[in-house]
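**Student:** Please see the structure below; I have some questions.
The values are calculated or read from the model by the stated rules, or taken from the named source; none is laboratory data. Every value quoted in this text rests on a predicted model; they were computed, and no experiment measured them. Quick reminder, even Gly has a Cβ in these numbers, built from the backbone with ideal geometry, and neighbours come from all protein chains shown. Remember, those area values only see protein heavy atoms, side chains included, never the ligands or the DNA or RNA. Shrake-Rupley method; radii C 1.70, N 1.55, O 1.52, S 1.80 Å.
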Amino acid sequence: MTRHLKNDSEIFEVLKLETGRLQTNLELIASENFVSPAVLEAAGSILTNKYAEGYPGKRYYGGCEFVDMAEELARTRLKAIYNAEYVNVQPHSGSQANMAVFMTLLKPGDNFLGLSLAHGGHLTHGSLVNFSGQLYKPTGYTLNKETGLLDYDQIQTLANQGKPKLIIAGGSAYSRDWDYKRLREIADSVGAFLLCDMAHPAGLIAKGLLNSPLGYCHFVTSTTHKTLRGPRGGVILMGKDFENPFGITTPKGDRLKMMSELLDSAVMPGIQGGPLMHIIMAKAVAFGEVLQDSFGVYTKRVVANSRRLAASLTTLGYNIVSGGTDNHLMLIDLSNKNVTGKQAEIALGEAGITVNKNMVPYDSRSPFVTSGIRIGTPAVTTRGMNEGEMEAIAGFINDAIVNYTDSAKLSSVKSAVALFCKSFPLYADYLG
Ligand SMILES: Cc1ncc(COP(=O)(O)O)c(C=O)c1O
């Protein structure tokens, strides 16, 4: 796949270095994964050439008959995965999927509720440096200080007080499942729409390992590149129980059609131009993989690995926020280890372990320093690692954190990590 890039030595060098980094490091960033060779081929395919503004059968450009087939496959497969009635596979990213829903439902200045960024929410759930906090009025709900869990009573209270037009479920650093039924009751009690941004656990939800938001939330958004293990991108879905947005009394089929049209036009022409047809084809390939039984085996391993890693780190004296995990990630509060999230991220990086610093609930440090790190198992599980390897990884993490100022020790952990990774080949033929 990279044979022509060899002619551009500067670019080929980048590719060589990045391939080497992936092969010799432990990738524990919870939002990353390694796509299959088939997804990679589709993402690098000739469909990158095509302009196809519009939707299948209704394009603004000629010559779209075959890219239409790719988009229809992506849609059909995504619908089958989640039993959805409507999907849009064009958002270039998760942020754009969320923006399209905001544009459809809210007017500038309207208020909404989302999980606070400092408690594990995403930028697009109301951060003041993001469109969501600049154009609209967010209120952040928070995690319980003692348990590190969502506090549904607090969400109800905030909803009663602020009468938000929209409530957002989902986050980027929450290691437990969500009670969508309860959230729907809260939303209904104040006449709000309910959106679930399932970007992180989408792959686990796809295989029934976590609650599905589709039956309860009016709208669902996701990225396609985290636990779903597809190319970078976003999607929007509506589920089977879709009912009565805007208080419209037309028959259900008509309401769905109307909302579909509003969402589609919010994506294009609202916030995007031409869709990335090569990425849409890669999404179709990834969705085809998700539909297979082997993806169920994979997702079960992701969760088992995450649980085992959390348990091993707990044994080594680490505090996992909420005491553990139900999904693919965990948040480690390093306050008792006398090291900041930033220091830990740097030390782990030097030891060949990639993580990100992350605020913990009620953190006294800034987002640039933080008291925690977030780690996840989707990528190492794709590499073939199992629960036994999680014990070893916990040991590497501990060695790096305990010795975070000792560069000789960090470099010896790096060598041990590289040797360990050798048994789990990754993209072995990629540069061939
Ligand atoms: C919950 C959640 N929503 C949305 C996004 C945004 O995705 P993207 O980076 O594709 O814009 C992320 C990314 O990390 C996320 O965690």
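**Student:** Please identify the DSSP H helices in the chain that span no less than 24 Å along the helix axis (Cα) and have a mean Kyte-Doolittle hydropathy of 0.0 or more. Don't jump to the answer; show the numbers that get you there.
**Tutor:** Numbers: long enough: 65-82 (26 Å, -0.14); 293-315 (33 Å, -0.10).
Long hydrophobic helices here: none detected.
**Student:** Could you tally up the Lys pairs in the stretch 65-167 with alpha carbons closer than 23 Å? Skip any pair fewer than 8 positions apart unless they're on separate chains. Mind dumping the intermediate values first?
**Tutor:** Numbers: LYS107/LYS137; LYS107/LYS163; LYS107/LYS165; LYS137/LYS163; LYS137/LYS165.
Step by step, the pairs that qualify in the stretch 65-167 add up to 5.
**Student:** Under 16 Å between alpha carbons, and skipping anything fewer than 8 positions from LYS207 in its own chain: which aspartates and glutamates qualify?
**Tutor:** Of all the aspartates and glutamates, those that pass the test against LYS207 - Cα under 16 Å, at least 8 places apart if same chain - are ASP177, GLU289, ASP293, ASP326.
**Student:** Further, regarding this structure: Over the stretch 42-290, with the other protein chains present, what is the accessible area per residue in square angstrom, probe 1.4 angstrom?
**Tutor:** Heavy-atom accessible area per residue stands at 38 Å².
**Student:** How much length would be gained if the chain were fully extended between MET258 and PHE368, taking 0.36 nm per residue of separation minus their Cα-Cα distance, in nm to one decimal?
**Tutor:** Extra length from MET258 to PHE368 when fully extended: 35.3 nm.
**Student:** Taking θ as phi - 60°, what are the ³J(HN,Hα) couplings along the stretch 138-146 by the Karplus curve (6.51, -1.76, 1.60), each to the nearest whole Hz, with x for Gly and Pro?
**Tutor:** x, 10, x, 8, 10, 8, 5, 5, 7
**Student:** Mind giving me the nanometre distance, one decimal, between the label points for ALA418 and TYR430, set 7 Å out from Cα along Cα→Cβ?
**Tutor:** Result for the modelled spin labels: 1.7 nm.
**Student:** Probe radius 1.4 Å, ligands and nucleic acids left out: which of SER189, SER364 has the largest accessible area, and how do the rest follow?
**Tutor:** Per-residue accessible area, sorted high to low, gives SER364, SER189.
**Student:** Sorted by accessible area with a 1.4 angstrom probe, largest first, how do ASP177, ASP153, ASP293 fall?
**Tutor:** I get ASP293, ASP153, ASP177, largest accessible area first.
**Student:** If you place +1 on the Cβ of every Lys and Arg and -1 on the Cβ of every Asp and Glu, how big does the dipole about the Cα centre of the chain come out, in debye to the nearest 20? Could you put the intermediate results ahead of the total?
**Tutor:** Values: 41 positive and 40 negative charges, 20 e Å.
Taking the Cα centre of the chain as origin, the dipole is about 100 debye.
**Student:** Ranked from the most accessible area to the least, with a 1.4 Å probe and all protein chains present, what is the order of MET385, MET69, MET359?
**Tutor:** MET69, MET359, MET385
**Student:** Moving on to the next point. Hand me the chymotrypsin sites (Phe, Trp or Tyr not before Pro) from the stretch 365-423 located in a DSSP loop with no more than 14 other Cβ atoms within 10 Å, in residue order please.
**Tutor:** Values: sites: PHE368, PHE396, TYR404, PHE420; in loops: PHE368, TYR404.
Those that pass, being in a loop and sparsely packed, are PHE368.
**Student:** So what is the 222 nm mean residue ellipticity for the chain from helices alone, if each DSSP H run of at least 4 adds -39500 (n - 2.57) and you divide by all residues, rounding to the nearest 500 deg cm²/dmol?
**Tutor:** -13000 deg cm²/dmol
**Student:** While we're looking at this one, here's another question. What's the local net charge at SER411, with K and R +1, D and E -1, over the other residues with C-beta under 12 Å away?
**Tutor:** Charge balance near SER411 sits at -1.
**Student:** What is the stretch 294-422 by shape, rounded, prolate or oblate, if you read a ≥ b ≥ c off the alpha carbon gyration tensor as root eigenvalues and call it rounded for a/c under 1.5, prolate for a/b larger than b/c, and oblate otherwise?
**Tutor:** oblate
**Student:** Can you list, largest first and rounded to whole Å, the semi-axes you get for the chain by taking the square root of 5 times each eigenvalue of its Cα gyration tensor?
**Tutor:** After scaling each eigenvalue by five and taking roots: 35, 29, 18 Å.
**Student:** Let me ask another. Enumerate lysine pairs in the stretch 294-422 that are 8 or more residues apart or on different chains, then count those whose Cα atoms are under 28 Å apart.
**Tutor:** Eligible lysine pairs with Cα atoms under 28 Å apart amount to 14.
**Student:** So, one more: Work out which GluC sites (Glu not before Pro) in the chain are exposed loop sites (DSSP not H, G, I, E or B, at most 13 other Cβ within 10 Å) and give the longest gap free of them.
**Tutor:** On the way: sites that count: GLU146, GLU243.
The segment 244-432 is the longest one with no such site.
**Student:** Roll a 1.4 angstrom probe over the protein heavy atoms and tell me the percent of accessible area of the chain that is carbon or sulfur. Don't jump to the answer; show the numbers that get you there.
**Tutor:** Details: 9680 of 17970 Å².
Carbon and sulfur together cover 54 percent of it.
**Student:** In vacuum, with every alpha carbon of the stretch 26-131 counted as one equal point scatterer, what does the Debye formula give for log10 I(q)/I(0) at q = 0.14 Å⁻¹? Two decimals, please.
**Tutor:** -0.84
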